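Asker: Right, I'll just put the structure down here and ask away after.
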Amino acid sequence: ALPICRVVGLLICPVSSDRGRGTCRRMAAAEPPLEETEPPRLAELLQAGWAALEVVEESREPMGSAPLQQQVKRGLALLERATRMASELQLFSSNEDLEEITSADLKYLLLPALLGALTLKQVNSSKRLEYVQSARVYFLDFLKRCKEYNVASFELPKVKESSSETAAEESMNDAVRALPQPNLVAMATHRQVKIERYTQKKEAEARLAAMREAVESGKAEDEQVREYYLLQLRRWISISLDELESLEQEVEILKGREGMKQLALSSRGSRRARPPMQPFILTRDAVQAKVFGAGYPSLPTMTVDEWYDQHRMRGALPDQGIPRRTAAENKEQEKENQEEQREAQDRKS
């Protein structure tokens, strides 16, 4: 890796601790050149974009804060530019083996994984599904490339890919789909795989921390540089597998939520429009209706019986829908009442 001064020039950092100096160096690498005389090289673009991701991950500010979101956007722009440049240079081919890739070029295999990680750092609730699907594409592309080169032994996850034409239909189906019964054996196996993956990732991180300073300062030998970036690739394989698993669940939730919204909108639109209520004068009989009708010709009048019949036909009476007693039940109730009256009379006599 090139020294940071090639990316940003001289930077004076007053922080004395090792962690502070490391963070300061990463923030410096994420900053644009003060005076750029020539276009940045591919290594500089990758280093600056990667540094932006580390600044975002190590920051204690809220992820939605303006400085962090600005850092995220800038990091994405740098890594996208690096990806286009790597594609133009044709650094990788499906016909070559891992051993044929130079140690200096190994790090460019990380570009899709870094793009996926930064994409998920964007904060916008209305575009969350878009961000999740884009990150899923980046992580899957990274894993496929690592699988082709046999960087590590792992199984590619099965990811559902739906076209835009069926996205709305699938989201509505997902909203009402029943959850499958859990397979206890599969769950136990999956849990063991995750534990092993986590252990391997922690071991890789410990070794990377010990090698990082020598590699970034340019003092490491070619063999050590190669080992360093192979460890980085294996670490990001574990990260990508974990991210894809959680992203699949999040996609289901987001699509289900969108499906429920569409269902609510469709049911709301299909409701029959009710006619507007008009004011009227309620009278006791037809004679009063004529009198009030003559006095207030602009308002309709109706008798109590007419009002009752109209509401009964609409099914809008308070007692409508309540089950009524049958004739047999009424007779039985009358008999009980008569017996109670007789018993009361006998007690009085």
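Asker: Between Leu263 and Gln345, 0.36 nm times their residue separation minus their Cα-Cα distance comes to what?
Answerer: Working it through step by step, the gained length comes to 23.0 nm.
Asker: Another question, then. Set the Förster distance to 45 Å, then compute FRET efficiency between Glu332 and Gln249 from the Cβ-Cβ distance, nearest 0.05.
Answerer: Efficiency computed from Cβ-Cβ geometry: 0.15.
Asker: Counting only heavy atoms of protein chains, what accessible area per residue, in Å², does segment 57-122 have with a probe of 1.4 Å?
Answerer: That works out to 53 Å² per residue.
Asker: Label point 7 Å out from Glu96 along Cα-to-Cβ: which residues of segment 192-223 have amide N under 18 Å?
Answerer: Zone members listed by number: 222-223.
Asker: Determine which residues of segment 228-264 fall in the zone a paramagnetic label at Ala206 would reach in this model, i.e. backbone nitrogen under 17 Å from the point 7 Å along Cα→Cβ.
Answerer: 231-232, 235
Asker: While we're looking at this one, here's another question. In whole percent, what relative contact order does segment 45-147 give with Cα contacts below 8 Å and a gap of six or more residues?
Answerer: 30
The values are calculated or read from the model by the stated rules, or taken from the named source; none is laboratory data. Just so it is clear, the structure is predicted and the values come from calculations on it, not from any experiment. In this analysis, Cβ positions are derived from the backbone assuming ideal geometry, glycine residues included, and neighbour counts consider all displayed protein chains. In case anyone asks, the SASA skips ligands and DNA or RNA and just uses the protein heavy atoms, side chains included. Shrake-Rupley method; radii C 1.70, N 1.55, O 1.52, S 1.80 Å.
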